[in-house]
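The values are calculated or read from the model by the stated rules, or taken from the named source; none is laboratory data. All figures in this text were calculated on a predicted structure; none of them were measured in a lab. Using ideal geometry, Cβ is built from the backbone for each residue, glycine included, and neighbour counts are taken over all protein chains shown. Side chains are part of the model used for accessible areas, which takes the heavy atoms of the whole protein and leaves out ligands, DNA and RNA. Shrake-Rupley method; radii C 1.70, N 1.55, O 1.52, S 1.80 Å.
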Amino acid sequence: MNKKEIAAIRRQFKVNATKLKIADLYTIYIRQETNEIYYEELRPFPFLEEEQQELFLTNFKKVLGGKLDEKLFEVKFQYPEEGQVDHTQGLLYEGLRTEETDVWTDYMQRIALKMVKDTPFEKDMVVTFIRGNYNKPTNRYSEESEIHANDEVYTTKFILGSISPTELPKKSLVFDFVEREFKASLIVNPIIKLEAPIGGFLFPCFTDNAADVNHVLYSAHKAHQPDMTFIENVLNGSEIVTAVEEKAVFEEVVKAVIGEEVNSRTLATVYDEINQIIVAEEENEQEEERVAMLDSRAVEVVLRASGVEDVTTEKVEQAFKQVVDDTKYEMKATSVVPKYTSKSIKINTKVANISVSPQDLKYVKQVNYKGKPCLLIEVEEETEIEGFKLISEESLD
């Protein structure tokens, strides 16, 4: 899936949506003390009061919130081992196919039990499953427009799961208007924090208007912190790589080719070349967004275009072999360029830590001044510190 496809689905989690219809809602309450199902409830989603629908829809939108490879990860299912039962891909696939609600809830309950089998919760948890249909018109259209009766659409069944924590309300002093007195609140019912899910998934993934049942979209609690135990034991998914890890791979590959030392202008050019690859891929797209990838050949081209000397195919392939043990390895270009990973470039010194955007790195350089290494930042306007304008001192020329 790409960010446009995720955003398009996420926008449809609203009351009276025309492109996405939720049929059933299955909710399970799990006690922290026993890690067992305490209560379960199946309800037709359209029959809920509108206020309850909005609470759950907020929860589902939160599950699909965040950036790909940071908080959302497309996970490939592992092949089931011989004799393996309750493989999650099979449970979800059969859950999509069945029309019987009791059969569907049995499949979902088995997934919920896998969640609590090896991971003790610190609080009571509520696991929610929904199933429904996602309708997408075959023609290009505004995502904000509605579907009309005569529109031709792709219709795909889906299942979404979410895990939400609970908390007990804090004790407080209240005023009783009936008794006309102050008293301590005696509310003991736990609050289900639907607005703050700690994980979830969407099945199947959607690619080019088609359902991809070999992948599931996993949602982590926090960015850059996927729960590998959940991915492997609950989803039965393969190992994933985060954007942070891919950026680290790129940096190690470049170091293996050109060494540990590099000037700021070369580094700025490297980021600019990769950004041009991303932009070119976006401009070449027709109806669907494509992801720009960097393999050994692309890295070689980028380094050559950035003015790095003595770059050869053999050197780059050897660097890939050294770092990831795979000369055919590919990484997403958007994981490498800081502006796409929501990160600026960090410059760390003993005196101060500075952050700059990739496009401004070319204005920063290290120079020797009076025998000492100094950081020189080119500015186009007067510099202010705490409201004071700095005066220019002696020239470095």
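Listed here are the residues, each with its yes/no results for (1) on the phi > 0 side of the Ramachandran plot; (2) touching a strand residue (DSSP E or B) at 6+ places or on another chain (Cβ under 9 Å); (3) open to solvent by 30 Å² or more (accessible area, probe 1.4 Å).
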| site | (1), (2), (3) |
| --- | --- |
| F56 | no, yes, no |
| Y79 | no, no, yes |
| V85 | no, no, yes |
| D102 | no, yes, yes |
Sole miss for A184 among (1) at pLDDT 85 or above; (2) farther than 23 Å from E70 by Cα is condition (1)
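Considering only the range 60-119, how many residues are of a type in the set (S, T, Y) and over 20 Å from A23 (Cβ atoms)?
Of the range 60-119, the ones of a type in the set (S, T, Y) are 79, 88, 93, 98, 101, 105, 107, 119.
Next, from what is left, pick out any that are over 20 Å from A23 (Cβ atoms): 79, 88, 119.
Summing the residues that are of a type in the set (S, T, Y) and over 20 Å from A23 (Cβ atoms) in the range 60-119 gives 3.
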Need pairs with beta-carbon distance below 8 Å; first residue under 30 Å from V336 (Cα atoms) and within the range 68-90, second surrounded by fewer than 19 Cβ atoms within 10 Å (Cβ to Cβ) and polar (S, T, N, Q); sequence gap 6+ or separate chains.
L68/N2; E70/S342; V75/S238; K76/N214; K76/S238; F77/N214; F77/S238; Q78/S238
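Conditions (1) in contact with an Asp or Glu (Cβ under 8 Å, 6 or more places away or on another chain); (2) at pLDDT below 75; (3) within 24 Å of V249 (Cβ to Cβ), marked per residue:
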| site | (1), (2), (3) |
| --- | --- |
| M331 | yes, no, yes |
| I345 | no, no, yes |
| K362 | no, no, no |
| Q366 | no, no, no |
| Y369 | no, no, no |
| T383 | no, no, no |
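Among V257, V249, which is the only one that is in contact with a helix residue (DSSP H, G or I) (Cβ under 7 Å, 6 or more places away or on another chain), β-branched (V, I, T) and farther than 27 Å from I6 by Cβ?
On the way: V249 fails: farther than 27 Å from I6 by Cβ.
None of the others qualify; the one that does is V257.
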Residue that is most open to solvent (accessible area, probe 1.4 Å) [pool: residues in the range 348-372 that are more than 35 Å from the chain's Cα centre (by Cα) and within 19 Å of L267 (Cα to Cα)]:
Q366
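Take the range 1-34 and flag every residue that is of a type in the set (A, V, I, L, M), closer than 24 Å to I192 by Cβ and either open to solvent by 50 Å² or more (accessible area, probe 1.4 Å) or touching a residue at least 12 places away in the same chain (Cβ under 8 Å) (or both).
The initial filter retains those residues of the range 1-34 that are of a type in the set (A, V, I, L, M), namely 1, 6-9, 15, 17, 20, 22-23, 25, 28, 30.
Next, from what is left, pick out any that are closer than 24 Å to I192 by Cβ: 9, 15, 17, 20, 22-23, 25, 28, 30.
Correct list: I9, V15, L20, I22, A23, L25, I28, I30.
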Please go through the range 188-217 and give me each residue that is loosely packed, with under 14 Cβ neighbours inside 10 Å and either of a type outside the set (D, E) or outside the structural domain of L68 (by the TED database) (or both), ordered by number.
V188, N189, I191, A196, A210, N214
Taking the criterion of being over 22 Å from the mean Cα position of the chain (by Cα) and either at negative phi or of a type in the set (D, E, K, R) (or both), would at least one residue in the range 229-244 satisfy it?
no
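Which strands (runs of 3 or more DSSP E) sit wholly inside the range 297-397 and have at least 1 residues that are touching a residue at least 24 places away in the same chain (Cβ under 8 Å) and not small (G, A, S)? Working first, answer last.
Details: elements: 345-348, 353-356, 364-369, 372-377.
The qualifying strands (runs of 3 or more DSSP E) are 345-348, 364-369, 372-377.
If you check V234, V253, V291, which single one turns out to be outside the structural domain of F77 (by the TED database), crowded, with 21+ Cβ neighbours inside 10 Å and among the β-branched types (V, I, T)? Walk me through how you get there before you give the answer.
Working: V234 fails: outside the structural domain of F77 (by the TED database); V291 fails: crowded, with 21+ Cβ neighbours inside 10 Å.
After ruling out the rest, the residue left standing is V253.
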Quick one: count up the residues across the range 307-322 that are open to solvent by less than 50 Å² (accessible area, probe 1.4 Å) and within 23 Å of V244 (Cα to Cα).
3
Subset tally (residues that are in contact with a strand residue (DSSP E or B) (Cβ under 9 Å, 6 or more places away or on another chain) and farther than 20 Å from K328 by Cα) for the range 240-270:
5
When A220 is run through (1) open to solvent by 50 Å² or more (accessible area, probe 1.4 Å); (2) of a type in the set (A, V, I, L, M, F, W, C); (3) more than 22 Å from V302 (Cα to Cα), the failure sits at (1)
